[in-house]
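First up is the structure itself, then whatever we jot down about it.
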Amino acid sequence: MVTETSELGPSFVRRHHVHYDVRDELVVEGDERRKVGYRVRIWGVLPESGLLPGDAAESPFARELLALAEEVVPAEREGSTISVEPPVPALYESRVVVGADEIALDIRLVHGSFGDCASGAAEDRCLRLIRHALESLGAQQKD
């Protein structure tokens, strides 16, 4: 997990207005929807403007945001599969800094190997640990 002395610690989170949101990960089969886990989307404000979406997703900043996401993932997974997905080549208008662009990446947290079972207590615990790690760095949840 990220420590106070890490380059990707609280100063990185503050400087880039890192925040997150949480969504249910659902599997849809016909008319049935089954919750298999969560997606934690981590957002960060780009340090420079004028980047194209593809350039932003491949930028040093995107690599730092990806490293931050990897560091907040708990080692104890208790039967859950957690994957950190790289940023997609897209820019989003920032919800926290007027006139700035953000990029986002997802931490996918599902039960079992492929999210083939309904989520349960293990995924809830992993989500709490990820939230705690992000909030201890100063990242706020913005849903």
(request) State which residue is surrounded by the fewest Cβ atoms within 10 Å (Cβ to Cβ) when the search covers only segment 44-62 and only residues that are among the hydrophobic types (A, V, I, L, M, F, W, C) and more than 23 Å from D21 (Cα to Cα). (result) L52
(message) Here is a check on your reading of the model: is E64 in contact with a helix residue (DSSP H, G or I) (Cβ under 9 Å, 6 or more places away or on another chain), touching a residue at least 12 places away in the same chain (Cβ under 8 Å) and among the acidic types (D, E)?
(response) yes
(message) If I ask for residues that are of a type in the set (D, E) and either more than 16 Å from E102 (Cβ to Cβ) or modelled with pLDDT of 95 or more (or both), which ones from segment 17-57 would you list?
(response) D21, D24, E25, E29, D31, E32
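Conditions (1) aromatic (F, W, Y); (2) buried (at least 18 other Cβ atoms within 10 Å of the Cβ); (3) closer than 15 Å to H16 by Cβ; (4) out of contact with any Gly (no Cβ under 9 Å at 6 or more places or on another chain), marked per residue:
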site: V40; (1), (2), (3), (4): no, yes, no, yes
site: E78; (1), (2), (3), (4): no, no, no, yes
site: V84; (1), (2), (3), (4): no, yes, no, yes
site: P89; (1), (2), (3), (4): no, no, no, no
site: R131; (1), (2), (3), (4): no, no, no, yes
(message) Quick check on segment 82-95. Is at least one of its residues within 22 Å of R34 (Cα to Cα) and not aliphatic (A, V, I, L, M)?
(response) yes
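The values are calculated or read from the model by the stated rules, or taken from the named source; none is laboratory data. Note that the coordinates shown come from a computational prediction; the quantities given were computed from them, not determined experimentally. Glycine gets a Cβ as well: all are built from the backbone with ideal geometry, and neighbour counts include every protein chain shown.
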